[in-house]
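Since the structure comes first, as structure tokens, the remarks are kept for the end.
Every number in this text was worked out from the coordinates using simple rules, so none of it is lab data. In this text the structure is predicted, and so the values were computed from the model without any measurement. Cβ: placed from backbone, ideal geometry, glycine included. Neighbour counts: every protein chain shown.
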Amino acid sequence: MWRRVGALGVGLGLLLSGAGEAWAIPAWARKYGVSCNVCHRPNVPRLNDYGHRFRKLGFRVPEEVGQQPEYKEIGQYISMRGRMRYEYEDFESGQNTSRFKWNDATFFYAGPVTQNLSSLFEWEVEQTGEIALLGQFSWLFGGPDRYAQVRLGQMHMLSRVGWAGFDRPSGISTTDVIGSTLTSTAVPFTFAKDQRGLELSVGLTPDARLIGHITNGLNEAGNGSSGNQDDDTEKDFALAYEHMFGDRGSGLTALFYKGIWHQAAGTSVGGTALPDDDAYTQFAFYRYGLTGSWVFGTPFFPSLDSEVQGGMIFAHDDVPDLYPTGKSNADGQAYFVGLEQYFKDASVFSRLDFRNVEVSGADNWRRKYTLGAARQVNDYLRLAAEGFVKDQESANDSFGAQVEAMFNF
């Protein structure tokens, strides 16, 4: 075990050593003739405060708000990304895994269309060969400091477009608090799922915004962005408040989510097939919490920054009155805390994810420890490596690692 930990430490050291000065150059870096580290820090794809504002304003710099965009070259609107990985996991019981995989290949088209309208389209070919589509339009009204924005389409919600834990990770994996289920019921909701619907955000100041969502929610298969939707009229609602502090990119996000999910009629539960009746199939669920980050100067190294990031999400599921196993509402709670050290174009990070997916009855906890590093090799290539240990009550413990090469151009 310690030999594996030592090997991981050596690998992370090699990943950080000799870091180059160039950064990946996608479409908007080409458009403005700047390096990607203007918007990304500590490395692509993680955004800094300036990059987050650029995205919130419909892919515009503040000086461009209210102006008719000048279309020049298609290369200023399109980008492509590919991610190749090697994954290894050693389970306490059962078959271990070791594989190379092409995680995804993605084509992006995004940018301002008129002085108010922006668009984003994302076509992603996943390792299964399935094609996932993300498409949205957004209308911006007002100035760069105070504005209202309407976003419509199939979109990321808070995850990977938000702040303080809801942004894209510096490494490979997103915290389990956002990417995993938080209760022991059948409800498949996670914050990482894309959804179809409408968003209204209001920029109260350059640093603060209030966000509201109304979406279809998840279909019976647990997917928010493909397939047939539920045969009901209920919609899901979310409300969030986001605030950034200082010029280093510290901030917080507070959120509340209320949703309805229907388990598919005919599903066998405890030996009983669910009839097509809301009293047997309809789950109401709630999620609320707070996440935050603090970026500060590294002690004794004034040219470097460090970051502490953490948060808590609480969950409650109302089980249908006539559910075959008997009505037993479920509660869950999840926490994460992480520490990251920035370098010029690289970082090393650690994170603890904790989930207790049933706190109204017996505890049922999950812990995951992650250690990793990432760096930008040149304009088009980012390398990242993570090691992890999963410690799970009444479940299969494991440890493993993954390495990723991300190509952007």
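Data for the structure
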| item | result |
| --- | --- |
| Selection from S93, L383, N223, by position along the positive dipole direction of region 2-408 (Cβ) | L383 |
| Signed unit charges on C-beta, dipole axis of the chain, positive-most listed residue A265, N37, S118 | N37 |
| Among 166-177, 376-387, 263-274, 117-128, the order from most to least packed when residues are scored by Cβ within 10 Å on average | 166-177, 376-387, 117-128, 263-274 |
| Pairs beyond 28 Å (Cα-Cα), from K101/K193; K235/K327; K31/K258; K72/K193; K56/K368; K235/K390 | K31/K258; K72/K193; K56/K368; K235/K390 |
| FRET efficiency, 1/(1 + (r/R0)^6) with R0 25 Å, evaluated for V269 and E234 via beta carbons | 0.75 |
| Dipole magnitude of the chain about its Cα centre (Cβ charges: Lys, Arg +1; Asp, Glu -1), debye to nearest 20 | 1380 |
| Potential lengthening between V34 and L200 on full extension [0.36 nm per residue; Cα-Cα distance subtracted] | 56.7 nm |
| Residue-wise HN-Hα coupling along region 155-161, computed from phi with Karplus coefficients 6.51, -1.76, 1.60 (Hz; x: Gly, Pro) | 8, 5, 8, 7, 5, 6, 10 |
| Note, ³J(HN,Hα) from phi for region 330-346, Karplus 6.51, -1.76, 1.60, rounded to Hz, x at Gly and Pro | 10, 10, x, 9, 9, 9, 9, 9, x, 10, 9, 10, 8, 10, 4, 9, 7 |
| Label-point gap, in nm, between Y241 and E130 - each point 7 angstrom along Cα→Cβ | 3.7 |
| Region 244-337: relative contact order in percent, alpha carbon pairs under 8 Å with at least 6 residues between | 26 |
| Region 246-367: C-alpha gyration tensor shape, a/c 1.5 cut-off, then a/b vs b/c | prolate |
| Cleavage-rule hits, trypsin sites (Lys or Arg not before Pro), region 254-351, DSSP coil, Cβ neighbours within 10 Å at most 16 | K327, K344 |
| Net lengthening on full extension, K101/K258 (0.36 nm per residue, minus Cα-Cα) | 52.9 nm |
| Modelled FRET efficiency - R0 51 Å, F296 with S328, Cβ distances, 0.05 increments | 0.70 |
| Net length gained if the chain between F91 and D277 were fully extended (0.36 nm per residue, minus Cα distance) | 63.0 nm |
